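Each reported figure results from applying straightforward, stated rules to the coordinates on display, with no laboratory input. This structure is a prediction, so every number in the text was calculated from the model and none was measured. Neighbour counts are summed over all protein chains in view; Cβ atoms, including those assigned to glycine, are modelled from backbone coordinates with ideal geometry.
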């Protein structure tokens, strides 16, 4: 009996040790996050190239940290509205964040070149409000480079983002398309 | 006759008023972006100084450097070139960081002023002017330190 407990414990220890030694976190500072808003009145798009992301190929953990003031707009007024306390309040909440996990990790082979469909679930925090999201992503493995791409939609009201009156309330869509790309 | 004149004057004033109001709205809507390089520098630091200030007191530093409408402070940062890379927008990115610091200042150069960054080599000490976008911090989910972010940068001295 005691012997088998020792055996189980050593197997567990071995398992943990192996998993840990395989833990491989890659960092991407080469990222692009864009959003697109369409209304009959106007289309608005903006891009951000300063996010940082990590991807753990052994656990599937994916993290994105997005500096909100790095979103650039064609028009200065749009940029001011975007940053203002009425909209994304970037002075108080300078970063948005995704803490997620690839849920179908067994279907992604980081050691073999190819294009894989991944499911990512996790918590997205924008303007201090956290929501659970579950989205599809594409992972491209090419040699030592990993590229992650995703396109998904967010409902602004979910994160308490809304203009109550005036031009921005009619010119910004309620649902925004977000495009993400990161090279690890 | 007198009445006609009053109407005439009022109409003229009204038209002038409308033109003025229209111009203001038009200007508001099409106001240009701030020209960072032609604007006055608000603060000058070494990369170590700004990183230390952010790590010690992130809230205070955000209050001091970030602007509510995104027109945050213009900084001149001097430091050692630790990394040179290019982003997805083909913009040059230079990291100023001392070996002994946990984080540095990541500076993105706009395409028009990339030229000033082309001659830079790793290990050189340079001074960069740009607008701050966010501060340095340790992120427990990334399990790493994040750099101070500056954009619309140019090299002011080598």
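Quick look at the numbers
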| quantity | calculated |
| --- | --- |
| Between helix B:2-30 and chain B: long-axis angle, C-alpha atoms, 0 to 90°, nearest 10 | 10 |
| Helix axis angle, A:2-22 relative to chain A longest principal axis, alpha carbon, degrees | 40 |
| Segment B:32-51 and segment B:108-158: distance between their alpha carbon centers, rounded to Å | 11 |
| C-alpha long axis of helix B:47-56 to longest principal axis of chain B, angle in ° | 80 |
| Descending principal axes extents, segment B:4-58, alpha-carbon based, whole Å | 73, 24, 15 |
| Per residue, the convex hull volume that the Cα atoms of segment B:35-101 enclose (Å³) | 121 |
| For the protein assembly as shown, fraction of C-alpha pairs farther apart than 27 Å, in % | 54 |
| Alpha-carbon Rg/Rh ratio, for segment B:7-158, with Rh computed the Kirkwood way | 1.19 |
| Shielding by partners, peptide A:60-66 (average Cβ within 10 angstrom, other chains) | 3 |
| GNM result for chain B, Cα springs below 10 Å: residue of B:43, B:29, B:109 fluctuating most strongly | B:29 |
| For q = 0.12, 0.15 Å⁻¹, Debye-computed log10 I/I(0) when each Cα of segment A:25-184 counts as one equal scatterer | -0.53, -0.80 |
| Distance from segment A:153-180 to segment A:54-108 (C-alpha centre basis), Å | 15 |
| Computed [θ] at 222 nm, deg cm²/dmol, chain B (DSSP H ≥ 4; -39,500 (n - 2.57); rounded to nearest 500) | -10000 deg cm²/dmol |
